[in-house]
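Novice: If you scroll down you'll find the structure; I have some questions about it.
Here, each number is a calculation from the coordinates, and none is a lab measurement. Source: prediction; values computed, not measured. Note that each Cβ is placed from the backbone with ideal geometry, even for glycine, and that neighbours are counted across all protein chains shown.
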2 protein chains.
Amino acid sequence: MPLYRDLKRDLTQRIAAAEWLPGGALPSEAALARHYGTAIGTVRRAVDELVAERIVRRRHGSGTYVTGHDADRLLFHFFHVVPREGGRRAPTTRTLAFRRARAAPAEARRLQVRPGAAVFRVRNLLSLDGRPVILDELVLPQALFPDLSKQILTGRGNTIYHLYHTRYGVNVLRTTERLRAVRAGTGAASALGVRPGSPLLQISRTALSYGDAPVELRESLVDTAAHDYFSDLGKPAA
Amino acid sequence: MPLYRDLKRDLTQRIAAAEWLPGGALPSEAALARHYGTAIGTVRRAVDELVAERIVRRRHGSGTYVTGHDADRLLFHFFHVVPREGGRRAPTTRTLAFRRARAAPAEARRLQVRPGAAVFRVRNLLSLDGRPVILDELVLPQALFPDLSKQILTGRGNTIYHLYHTRYGVNVLRTTERLRAVRAGTGAASALGVRPGSPLLQISRTALSYGDAPVELRESLVDTAAHDYFSDLGKPAA
DNA sequence: AAGTGGTCTAGACCACCAT
DNA sequence: TGGTGGTCTAGACCACTTA
């Protein structure tokens, strides 16, 4: 195992342990090299990989910072529904339901918790340009978000992943998604304003944090009458 | 503009010009450094980026090779439909139709050719485990694939992107895709063995080569009764 | 054994940012 | 102006592949 991987792992652990807060600066590369007793190039290799995984961001002349969750990051990395014509827009969210429940076996497996573990279930309706487009069902392990409530969810002025990060130290780094076409049930149809039986895009998302640990499940139903799911696979992180 | 970007651009052009063929070896990094009159580290930076864009592959102890299009690359980078339960499988393809046509305005725009330019239209039926799952409609600029014919398409023993690469020097590096849910028309329904009106996943793909030049359009209709579209966004190229 | 890519070092100089 | 990241160099040594 090369030395820069050791540095990377140590830095990742220290970031995950909130030694540096979201938006905060890491020590300079020279300082890290002194601390670890390595050449500066080795530190740079480690930081290069953290940058590629979007755990940190470099700012030339300024420093290296722990990546936070702002609206831009949500829009470009985690929100893949775009208008068929025209540019990306940020969604507005309305929380329709919030309740405590127990993890079903399939959910427990995907979240890597034991079956029956305490979870929160959240139903959100997302609108673009004032029209409802996405119906989300979230499943969150209570162990990671101990005091979550509908008030906390709706009171946030920022994105939900920003809330996870700043209030609970849960940093969503990437997601895996599976998509399929389904017929709208009556509940989804009325929420989205489409006829029952209309084709909808269903997205099953698992949100992952450090070490690909799953932290959130999300089932989305998308009305693709005027919107598409945009996928840009194979593009280097840049 | 840093020096290693110049090297990268020059290497990319030489690869695109088929100075080294798919599967062929580049000169060693030491030889490239001598040729360009730079340090070996600068060559490595350039090659690092070519690797990230999957233009070349390094093999430790052996050399650096122009990436070819084999079945594995197709499966892992360009074929995103997977069984809901169970692992990835390679599809079998049957060509249903092949004809010459003119590019419609929207197609011409996406392919960056003039409206009315000569194109080929290909209809393929893809099966997994012997059951039809995907109906593909390809649009290919004749300028890039001058002598393409149904015989050439069906006679190939390899993937279609392998054919593009080896016969026409067209190397598909990545794709962008837009997905939506639609109702099956009668033609697609009978080809896929579903009832008309069933929900299908529609995928609009643009395949891109060097410099993100578009080389192929593909409209896919996927029966997602037992398969999903798998999307792993945000994962570093690794 | 020879040649290749992979890691690590040590240092110089530059471009950019904050003050 | 001082500190930060970005580029480039030159060389040593290691790990792996090939023959």
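Novice: Summarise the long-distance tail of P(r) for the protein assembly as shown by giving the % of C-alpha pairs beyond 29 Å.
Specialist: Value for the protein assembly as shown: 57 percent of Cα pairs lie more than 29 Å apart.
Novice: On to the next question. For segment B:135-238, rounded, prolate or oblate, judged on the Cα gyration tensor with a ≥ b ≥ c (square roots of eigenvalues), a/c < 1.5 rounded, else prolate if a/b > b/c?
Specialist: Because a/c hits 1.5 or more and a/b fails to exceed b/c, segment B:135-238 counts as oblate.
Novice: Ok, one more. Compute the label-point distances linking B:R45 to its equivalents in the other copies; points lie 7 Å from Cα along Cα→Cβ; give nm, one decimal, shortest first.
Specialist: Spelled out, the distances from B:R45's label point are 1.7 nm.
Novice: Okay, moving on. What percent does the relative contact order of chain B come to when contacts are Cα pairs within less than 8 Å and at least six residues apart?
Specialist: Relative CO of chain B lands at 17 percent.
Novice: Whole angstrom only: what separates the Cα centroid of segment B:39-70 from the Cα centroid of segment B:141-160?
Specialist: 28 Å
Novice: Also, quick follow-up: Provide, for the protein assembly as shown, the number of lysine pairs with alpha carbons under 26 Å apart, each pair being eight or more places apart or on different chains.
Specialist: 5
Novice: For segment B:1-138, what is the relative contact order in percent, using Cα pairs closer than 8 Å and at least 6 residues apart in sequence?
Specialist: Normalised by residue count, the contact order of segment B:1-138 is 16 percent.
Novice: Computed over the Cα atoms of chain B, what is the convex hull's projected area averaged over all directions, in nm²?
Specialist: 14.7 nm²
Novice: With θ set to phi - 60° and the Karplus curve 6.51 cos²θ - 1.76 cosθ + 1.60, what are the ³J(HN,Hα) couplings of segment A:68-79 in order, to the nearest whole Hz, using x for Gly and Pro?
Specialist: Each residue of segment A:68-79 in turn: x, 10, 9, 4, 5, 5, 4, 5, 8, 10, 10, 10 Hz.
Novice: While we're here: Taking square-rooted eigenvalues a ≥ b ≥ c of the alpha carbon gyration tensor, is segment B:1-100 rounded, prolate or oblate, where a/c under 1.5 means rounded and, failing that, a/b exceeding b/c means prolate?
Specialist: prolate
Novice: Something else: Find which of A:G234, A:H77, A:Q151 sits farthest along the positive direction of the dipole of the protein assembly as shown, computed with +1 on the beta-carbon of Lys and Arg, -1 on that of Asp and Glu, about the Cα centre.
Specialist: Farthest along the dipole direction, towards plus: A:Q151.
Novice: While we're looking at this one, here's another question. Add +1 for every Lys or Arg and -1 for every Asp or Glu among the other residues with Cβ under 10 Å from the Cβ of B:G63, and state the total.
Specialist: Surrounding charge for B:G63 is +2.
Novice: In sequence order, what are the phi-derived ³J(HN,Hα) couplings for segment B:83-91 according to the Karplus relation 6.51 cos²θ - 1.76 cosθ + 1.60 with θ = phi - 60°, rounded to whole Hz, with x for glycine and proline?
Specialist: x, 4, 10, x, x, 5, 9, 7, x
Novice: Rounded, prolate or oblate: pick one for segment A:103-191, where a ≥ b ≥ c are the square roots of the eigenvalues of its C-alpha gyration tensor, a/c under 1.5 means rounded, and failing that, prolate if a/b is larger than b/c, else oblate.
Specialist: Taking the square roots of the gyration eigenvalues as a ≥ b ≥ c, segment A:103-191 is oblate.
Novice: Can you pull the mean other chain C-beta count within 10 Å for peptide B:70-83?
Specialist: Going residue by residue through B:70-83 and averaging, the value is 1.
Novice: Something else now. 7 Å along Cα→Cβ for the label point: how many nanometres lie between B:D129 and each equivalent label in the other copies, listed shortest first?
Specialist: Ordered by distance, the counterparts are at 4.1 nm.
Novice: Along Cα-to-Cβ, 7 Å out, sits the label point; list in nm, shortest first, how far the one on B:A25 is from those in the other copies.
Specialist: Result, one decimal in nm: 4.8.
Novice: Select from A:S190, A:S62, A:S198 the residue whose mean-square fluctuation is largest in a Gaussian network model of chain A (Cα-Cα springs shorter than 10 Å).
Specialist: Answer for the Gaussian network model of chain A: A:S62.
Novice: Summarise the partner chain shielding of A:201-214 as one whole number: the mean count of Cβ atoms from other chains within 10 Å of each residue's Cβ. Provide the component values of the computation, followed by the final result.
Specialist: Details: counts 9, 5, 4, 2, 2, 0, 0, 2, 0, 0, 0, 1, 0, 0.
Counting other chains' Cβ atoms within 10 Å and averaging over A:201-214 gives 2.
Novice: Whole-Å semi-axes of segment B:75-155's equivalent ellipsoid, largest first, each the root of 5 times a Cα gyration tensor eigenvalue?
Specialist: Working through the eigenvalues yields semi-axes of 28, 15, 10 Å.
Novice: Can you list residues from other chains, or at least 5 along the same chain, whose modelled amide H is less than 5 Å from the amide H of A:R102?
Specialist: Distant-sequence amide H within range of A:R102: A:V119.
Novice: How shielded is B:44-56 by partner chains, expressed as the average number of their Cβ atoms within 10 Å of its Cβ atoms?
Specialist: Average neighbour count from other chains, rounded to a whole number: 1.
Novice: Per-residue HN-Hα couplings for segment A:168-177, Karplus 6.51 cos²θ - 1.76 cosθ + 1.60 at θ = phi - 60°, whole Hz, x for Gly and Pro?
Specialist: 10, x, 9, 9, 6, 9, 7, 9, 10, 9
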